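The block underneath contains the structure these notes are about, expressed in structure tokens.
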Amino acid sequence: MTKPLRQLGLTVTAAIVVANMIGTGVFTSTGFQAASLHDPGTILLCWVIGGVVALCGAATYAESVRRASIPVGQETPVPPRPQ
């Protein structure tokens with residue numbers, strides 16, 4: 001009997017990491033919200049507002065990158081200073 005291949009591609013690995021980060025954040029922050037707010041409707045409203053703010057931030061970031069004539073972003077290396 002041969003051993004099965006256990007290989008994960010880049011996409012699957014990245015999806016696992018993202019899912020773990022989101023899941024940890026959701027379960028951790030919801031507990032703190034429940035302790036402070038005591039109302040499921042208010043907690044849900046906070047999540048909706050946070051999602052809208054995050055979506056607006058992502059759209060703004062994407063639009064600024066699209067309009068720029070030079071490469072910009074968090075991963076853009078800083079050019080060396082002239083001497």
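All but one of (1) among the small types (G, A, S); (2) modelled with pLDDT of 80 or more; (3) exposed (fewer than 10 other Cβ atoms within 10 Å of the Cβ) hold for A59; state the number of the condition that does not hold.
Unmet condition: (3).
Evaluate the following for V18: is it within 15 Å of the chain's Cα centre (by Cα), at pLDDT 85 or above and not charged (D, E, K, R)?
For V18, the condition - within 15 Å of the chain's Cα centre (by Cα), at pLDDT 85 or above and not charged (D, E, K, R) - is met.
The values are calculated or read from the model by the stated rules, or taken from the named source; none is laboratory data. Just so it is clear, the model here is predicted, and its values are computed rather than measured. Because the Cβ atoms are built from the backbone with ideal geometry, glycine has one as well, and the counts that use them run over all protein chains shown.
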